[in-house]
Structure formats: structure tokens, C-alpha cells
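The values are calculated or read from the model by the stated rules, or taken from the named source; none is laboratory data. These numbers were taken from a predicted model, which means no experiment stands behind them. Using ideal geometry, Cβ is built from the backbone for each residue, glycine included, and neighbour counts are taken over all protein chains shown.
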Amino acid sequence: MNIDTHSAPRPRAFHLASQDLGVLVGFDGSTQSLLALHYGALEAQRSRRELTVITAVSGPIPVYTTLGALPQKSETQAAVDAAGIVLNDARRYLQAYPGRVTYRVEQGNTAAVLAELSTAAELAILGARGRGGLLGTILGSVASTLPVHSHCPTVVVPRQYAIHVAEGSARFAPQADPRPVTVGIDGSSHSRVAALHAARAAQDRGVPLHLLMTLPSLEGWLDWYPDLDPLDQDTISRRQSQLESSLQAEAAWLRSHFPGLATTTSVKPGDPVARLSTSTHEAQLTVVGTRGRGPLSGKLLGSVSRGVLLRAAGPVMVVPDLQDERLSDQPGPIR
């Protein structure tokens, strides 16, 4: 699979009933992938779907100049065998897991393999970093690439995520957590698709869904519009009140599709990356779309979603631009 980092994707088909791989976890034996594996096991338990654990094998095709240089076992087969050993680590960790698990070794670039398999998955999960050459970076190459090309929502689990210390099957029982699921809303159809997936996550957890909208600061416009006063609180408060009314309409629309879902809303002035990054400390899951309404909306992974992933203290779900028939009755545009 070739990954084109320049063409913007169209909305992708997503039908929950046909996502046969269930919860898809990329596992490479690293500590970060173990956190992702545990998180994925909990998600599969909540949704009662299959847990699929993938290890990818990639590398250059070897060239041998003489017959005597040929190894007894091909390098590809050796890599597959090594991947099998890595998967055995996952099997041992999940020994007491009570749900269905499938283990697979796939050949190819890890991000490309997971993106391809995501067409049949309900959710893809991976750690913020793995064992690749970018191990020392803040956000690993797979964690920054997969959310762009995935055909299903992707959860990136940060190193701060804590595993439940219980023994046996109790380790994989979802724990009560009163913290909400938070989703960033900007009034675009794309953010509403993200909100629908966030609402389902909140419903599965039995917690409120918090809708967060940010009101950008005026400071960056002063060079162009010197008559604007960034300290004009009346103007800011008036606009904030207008957006709060719009956000209430968004919440009502979500509740129409998820009856009984508790919702809260807030419009907060400031930078959206900073606000959503703060929410990763306060929410058990923060949900964003891959792109938004801003001037960088054409980028495959928008500045907000990437910024939140870089700063996240908790799990972040990135939802791609998916087809969803529930958008047929979405609220009008936010103005």
C-alpha cells in the first residue's frame, strides 16, 4: 500500500456491523505497545467485539552475490519468526483475557498495514511511540501517520496511561471512571462525525459527553484591524453567548441519536490546541477530527489534532472524515 501524504481524503465508508476485525491493536513488544494492548483489551470488552493484535514485518529485500552467501533461513522468514516471538509476549499478557483474540503477523510498513486493515476494524489503537527509528521522538512515526490514513477512528495511548494492577481476568474489566469524554466541536460536518463517535464512547462508559468549542483570540488580527480591541469583553462575551447557544443545538442533536446521554457544553476563549490538550488531563478520552474549519483544514492531519497528540496526557481518539447517514439531520452551520 502506498501512502500519499498530499491528497486530501474524501469521506470514507464506515459501517459498524461490518467491521469484522473489531478492535485492532498494533503491537511491537515495546512498553508503549503494551499500554495500547491493555487499552485495546478494555475497549473490546466494552463493545464485546473481537480483539485483533497485529505485528508487522518490514525491511529491504536482501541481495546475495554468491550462492554460498545464502543463509539457511531467509531473512524474511527470520523476521516472521521474530514477529511470532513478539506476538507470544502479547499472548502471555492476555492469558487471562476473557474475550476473543486473533493474533496476526503481516508483512509491510507498520502504518500502511494498519491503515489497510482499518477498513475492516471498528477502532485502531497504538502507543504514542514504538520501537522504530523514531523511538526518541515525542510522537512516533506510526502514531502520527496512521490517524491520517485510517478508515476507522484511531486511539493513541500516551506513556502516562496507567494499567490496572488486578490479577487474572479482573485486570481486563473496565473500571468505573467518572471523568467525561470530551470532544472538540467547530460546527463542521467532520467535527460532528467525531462527536458521534465520542457520544458512543461516552455511552459505552456510562459517563457524560462534554462538548468543547474554543473562541480564538483577537490578538493575531490587530496588525490588520488596528481598531479591534482584544480587551473588548462585551464583544467577546456576546460572541461567546452566541456560540454557547449553537453548542446547545449540537448537544441536542447528539442526544436525539443517543437517548439518555448526559451532555455538558463550554465555549472557552483561547487556543484550541491548548484547551483540548488541557482536557486530556481532565477527561478519560479526548476526541478530535483529523481536520477542522480553519485555514489549515485542507491538511491531512490538521494543526489542532496533531498539536493535541503531541501534548496529550491521556488517550486521544482521532476520527477521520467518515460517511455517516446521521449527518442528514445535523444542525445548521455555526455563524
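Might you check whether a residue that is at pLDDT below 95 and either within 18 Å of the chain's Cα centre (by Cα) or surrounded by 19 or more Cβ atoms within 10 Å (Cβ to Cβ) (or both) occurs anywhere in region 258-265?
Looking through region 258-265, none of the residues is at pLDDT below 95 and either within 18 Å of the chain's Cα centre (by Cα) or surrounded by 19 or more Cβ atoms within 10 Å (Cβ to Cβ) (or both).
Just checking, does region 206-226 include any residue being at pLDDT below 80, under 23 Å from residue 334 (Cα atoms), of a type in the set (A, V, I, L, M, F, W, C) and not assigned by TED's automatic domain parsing to the domain that holds residue 155?
Yes - at least one qualifying residue is present in region 206-226.
What number of residues within region 106-139 satisfy the criterion of being at pLDDT below 90 and either basic (Lys, Arg) or within 27 Å of residue 171 (Cα to Cα) (or both)?
Residues meeting the conditions: 4.
Would you confirm whether or not region 50-71 contains a residue that is at pLDDT 85 or above, under 30 Å from residue 190 (Cβ atoms) and in a loop (DSSP other than H, G, I, E, B)?
yes
Residue by residue through region 244-284, note down the ones that are part of a helix (DSSP H, G or I) and of a type in the set (A, V, I, L, M, F, W, C).
247, 249, 251, 252, 253, 254, 273, 274, 276
Looking only at region 142-186, which residues are β-branched (Val, Ile, Thr) and either touching a His at 6+ places or on another chain (Cβ under 6 Å) or not assigned by TED's automatic domain parsing to the domain that holds residue 56 (or both)?
Correct list: 163, 181, 182, 183, 185.
Tell me which residues, restricted to region 193-213, are of a type in the set (D, E, K, R) and within 15 Å of the chain's Cα centre (by Cα).
Of everything in region 193-213, just one residue is of a type in the set (D, E, K, R) and within 15 Å of the chain's Cα centre (by Cα), namely 200.
Step by step: first the residues of region 160-192, then only those that are among the small types (Gly, Ala, Ser) and assigned to a helix (DSSP H, G or I), then the one that is nearest to the chain's Cα centre (by Cα). Which residue is that?
Step by step, filter region 160-192, then rank; the result is 191.
Quick check on residue 308: is it part of a strand (DSSP E or B) and at pLDDT 90 or above?
So residue 308 does not fit the description; no.
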